[in-house]
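Just so you know, all these numbers are worked out from the coordinates, no wet-lab data involved. Given the structure is predicted, the values throughout are model-derived calculations rather than measurements. Cβ coordinates were reconstructed from backbone atoms using ideal geometry, including for glycine residues, and neighbour counts include every protein chain displayed.
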There are 2 protein chains.
Amino acid sequence: MVNLQEVSNNKVFGGQQKVFSHQSTELKCTMKFGIFLPPAVEKGKVPVLYWLSGLTCTEQNFISKAGAQKYATEHGLILVAPDTSPRGVGIEGEDDSYDFGSGAGFYVDATQEKWKTNYRMYSYITKELPALINANFPTIPDRQSIFGHSMGGHGAIVCALKNPGMFRSVSAFAPISNPTHCAWGKKAFAGYLGTDTKAWEEYDSVCLLHKYNGPPIELLVDQGKADNFLADKQLLPDNLIEACTATKSPVVLRMQEGYDHSYFFIATFIEDHIKHHAKFLKA
Amino acid sequence: MVNLQEVSNNKVFGGQQKVFSHQSTELKCTMKFGIFLPPAVEKGKVPVLYWLSGLTCTEQNFISKAGAQKYATEHGLILVAPDTSPRGVGIEGEDDSYDFGSGAGFYVDATQEKWKTNYRMYSYITKELPALINANFPTIPDRQSIFGHSMGGHGAIVCALKNPGMFRSVSAFAPISNPTHCAWGKKAFAGYLGTDTKAWEEYDSVCLLHKYNGPPIELLVDQGKADNFLADKQLLPDNLIEACTATKSPVVLRMQEGYDHSYFFIATFIEDHIKHHAKFLKA
C-alpha cells in the first residue's frame with residue numbers, strides 16, 4: 001500500500017483490526033490510524049464509518065475499549081479511528097496540557113503562527129484521511145458517515161456541517177457541543193485560531209447549524225446524566241438542541257441516567273450508534 | 001462495607017462496574033479487584049463468576065477490554081476480576097520480570113523464603129476473596145464459576161481441580177495448560193516453589209486431572225491458532241486435552257482460526273463463555 005506501514009493486525013469478531021502509520025502531508029508528521037475491516041470486505045466494497053476520539057486519546061482507545069467491531073461485522077462496515085492530533089512535531093509546549101496541543105487537536109485548522117503548520121486536523125479528517133482510505137481499502141466512497149466522543153463528537157458534527165452531503169449520518173457521545181461557550185473550547189480556539197472570536201464560529205456546531213443548508217445530517221446524540229463534564233458546563237447539549245430546533249435540523253438526544261463520560265458509557269450504546277449509521281449507509 | 005474502599009464506580013450496560021481496594025491478610029498488602037454488579041442484583045442474590053487475568057495484567061484489563069458486562073447483565077451474573085499478584089511488597093527483584101513477581105503470581109502459594117509471605121495467590125483466590133465477596137455483595141455462595149486467560153486460564157482450571165464442587169463450571173482462553181512443561185511455568189514454579197518438581201505438580205492442570213475425582217468441571221477452552229505463544233510451546237493445549245481424554249473429563253477445545261493471544265480474541269468469544277457458565281450457574 002502506497003504510503004502506509006502496517007503497525008499491528010489482530011483478528012476480532014471475524015474481521016481484522018489493523019493500525020497503520022503514514023507520513024501526513026497536512027500535519028507534517030507521522031500519524032497512526034486504526035481501521036477495522038469486517039468479513040464483508042472479502043465479498044466486495046463496503047461503506048465506511050469514521051470515529052473521532054476525545055481529549056487525551058490516541059487511535060487505541062476506541063479500538064480496544066468500545067467493542068464496536070462486533071457491530072461493524074454485523075452491519076458490514078469499515079471503521080476508521082484516527083489519532084486526535086499531530087504527534088512529536090517539536091512545538092514548544094505541545095505536551096504541556098491535556099486539553100491543548102498533543103491529544104487535543106480539536107479538529108480545526110490552526111491559523112496561529114506557532115501551530116498552523118502542523119495542527120490541521122480538520123483538513124486531515126475531511127480530505128487527506130478519506131482520500132488515503134479510499135485509495136487503499138475496499139470502501140464505497142459515497143457511502144460514509146462519522147461519529148465520535150466529546151471533542152471528537154463535536155468534531156464529527158462540525159465535519160458534517162462544513163461539508164454538506166459528505167456524510168450520510170452523524171452521531172456523538174457527549175459532544176463538546178458549543179465550544180465557543182465553554183472553557184475547553186475557549187482555551188483551544190484562542191490558542192489555535194487567535195483572539196478574534198469571529199473565526200471561532202467556523203468550528204462551532206451551534207454557530208454552523210444556523211448557516212447550514214445541506215441535506216439533513218441525521219444526528220443522534222447520547223449524553224450521560226452523571227457525566228461530570230456536563231455538570232461543569234463543558235458540553236452544553238441544550239445549546240445544540242436549541243440550535244437544531246431553531247433550524248429544524250433532525251436530532252435525537254438521549255439523556256442516559258447514571259452514565260458518565262467514560263468508554264463504559266460508549267461501549268453501552270455503541271450498538272445503537274452503529275445501527276443508526278448502518279440505516280443510512282446501507283439505504 | 002467492612003475492609004473495602006471503593007476506588008471507582010462506572011455505570012455500564014445497565015449495571016455498575018466498581019473497583020475496590022482492601023488490605024489482604026493472605027498477601028499482606030493492599031489489593032484491588034473489579035466487580036460488576038448487574039441490574040439483577042436490585043431484585044435479589046445472583047451467581048458469581050470469577051475471572052483470572054494473565055501475565056502483566058491488573059484488574060483493569062478485563063474490565064475495560066473484554067466487553068463482558070453486556071453478557072453479565074443479560075444472564076444476571078456478578079463478575080469479579082482480581083489483580084494478578086501482590087503489589088509493592090518490597091521484595092528485591094519483584095518488578096524485574098514481566099513473567100515473574102509483580103503481575104505474575106501464577107495463582108500458587110509460594111513456599112520459597114523470599115516469596116512465601118506475600119505470594120499466596122492460590123489461597124487469596126480460593127479462600128480470602130470469595131469470603132470477602134460473599135460477605136459484602138448479593139451473591140449466591142454455592143453458585144459460582146471461574147474462568148480466565150493464559151496464566152489465569154490455567155489458574156481457573158487449577159482452582160477448580162483442587163476444590164471439587166466449589167465451581168460449577170470452568171473455562172479458559174489460551175491457558176498455560178501444562179506449566180511444568182513450558183518455559184513460563186518452569187521459571188515461575190522454580191522461583192515460587194523451589195527446585196523439587198514434585199511440588200510443581202500440585203499446581204499443574206495436567207497433573208491434577210489425573211488425581212481429580214470430584215464432579216465434572218465442565219471445561220470450555222478457546223485457543224487462537226495464530227497465537228504466537230502457542231507456536232512458542234508455552235500453552236500446550238494438546239497436553240490438556242490428552243489428560244482430559246485419559247481421565248474422561250468433559251472438555252470442549254475450540255481452535256479458533258486466525259486469532260492471537262490478545263483481548264481482541266477474548267472479546268470475540270466472551271459471549272460464548274459467559275453463556276457456558278450461565279447454563280450451569282442458573283440450572
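Against the numbered list (1) within 14 Å of chain B (Cβ to nearest Cβ); (2) within 20 Å of A:LYS279 (Cα to Cα), A:ASN61 comes up short only at (2).
So, in segment B:191-221, exactly how many residues are of a type in the set (Gly, Ala, Ser) and touching a Pro at 6+ places or on another chain (Cβ under 6 Å)? Working first, answer last.
First pass over segment B:191-221, keeping only residues of a type in the set (Gly, Ala, Ser): B:191, B:194, B:199, B:205, B:214.
With the extra rule that they be touching a Pro at 6+ places or on another chain (Cβ under 6 Å), the set shrinks to B:214.
Looking only at that region, the number is 1.
Against the numbered list (1) loosely packed, with under 15 Cβ neighbours inside 10 Å; (2) closer than 22 Å to A:VAL48 by Cα, A:ARG254 comes up short only at (2).
Taking residues in segment A:16-44 that are within 14 Å of chain B (Cβ to nearest Cβ), and partners anywhere that are in a strand (DSSP E or B) and of a type in the set (S, T, N, Q), the pairs with Cβ atoms closer than 7 Å and at least 6 places apart or on different chains are A:GLN16/A:ASN9; A:GLN17/A:ASN10; A:LYS18/A:SER8; A:LYS18/A:ASN9; A:VAL19/A:SER8; A:GLY34/A:GLN17; A:PHE36/A:GLN17; A:LEU37/A:GLN16. Listed by position, the helices (runs of 4 or more DSSP H) inside segment A:218-283 whose residues that are within 17 Å of A:GLY148 (Cβ to Cβ) and within 14 Å of another protein chain (Cβ to nearest Cβ) number at least 3 are A:263-281.
Looking across segment A:67-102 at every residue that is within 14 Å of another protein chain (Cβ to nearest Cβ) and out of contact with any strand residue (DSSP E or B) (no Cβ under 8 Å at 6 or more places or on another chain), the one that is surrounded by the most Cβ atoms within 10 Å (Cβ to Cβ) is identified as A:GLY67.
Have a look at B:GLY14, B:GLY76, B:GLY93, B:GLY44 and point out the one that is closer than 19 Å to B:HIS273 by Cβ and either more than 17 Å from the chain's Cα centre (by Cα) or not hydrophobic (A, V, I, L, M, F, W, C) (or both). Please lay out each step first, then the result.
Details: B:GLY14 fails: closer than 19 Å to B:HIS273 by Cβ; B:GLY93 fails: closer than 19 Å to B:HIS273 by Cβ; B:GLY44 fails: closer than 19 Å to B:HIS273 by Cβ.
Exactly one of B:GLY14, B:GLY76, B:GLY93, B:GLY44 is closer than 19 Å to B:HIS273 by Cβ and either more than 17 Å from the chain's Cα centre (by Cα) or not hydrophobic (A, V, I, L, M, F, W, C) (or both), namely B:GLY76.
Restricting attention to segment A:243-277, report how many residues are of a type in the set (A, V, I, L, M) and within 17 Å of the chain's Cα centre (by Cα). Quick ask: steps written out before the conclusion?
The initial filter retains those residues of segment A:243-277 that are of a type in the set (A, V, I, L, M), namely A:243, A:246, A:251-253, A:255, A:266-267, A:270, A:274.
Retained after the next criterion (residues that are within 17 Å of the chain's Cα centre (by Cα)): A:266-267, A:270, A:274.
Within segment A:243-277, residues that are of a type in the set (A, V, I, L, M) and within 17 Å of the chain's Cα centre (by Cα) number 4.
Might you let me know whether segment B:164-177 holds any residue that is of a type in the set (A, V, I, L, M, F, W, C), surrounded by 17 or more Cβ atoms within 10 Å (Cβ to Cβ) and on the phi > 0 side of the Ramachandran plot? Yes, there is a match, as at least one residue in segment B:164-177 is of a type in the set (A, V, I, L, M, F, W, C), surrounded by 17 or more Cβ atoms within 10 Å (Cβ to Cβ) and on the phi > 0 side of the Ramachandran plot.
Right, A:THR126: more than 14 Å from every other protein chain (Cβ to nearest Cβ), under 21 Å from A:ILE176 (Cα atoms) and within 13 Å of the chain's Cα centre (by Cα) or not? Judged against the criteria, A:THR126 is a match.
Identify all residues within segment B:119-151 that are among the aliphatic types (A, V, I, L, M), in a strand (DSSP E or B) and surrounded by 24 or more Cβ atoms within 10 Å (Cβ to Cβ); write none if there are none.
Going through segment B:119-151, the residues among the aliphatic types (A, V, I, L, M) turn out to be B:121, B:125, B:129, B:131-133, B:135, B:140, B:146, B:151.
Still in the list and also in a strand (DSSP E or B): B:140, B:146.
Correct list: B:ILE146 only.
Given the criterion touching a residue at least 24 places away in the same chain (Cβ under 8 Å), among the aliphatic types (A, V, I, L, M) and closer than 19 Å to B:LEU253 by Cα, identify the matching residue among B:ALA199, B:ALA172.
Values: B:ALA199 fails: closer than 19 Å to B:LEU253 by Cα.
Just a single option satisfies the conditions, and that option is B:ALA172.
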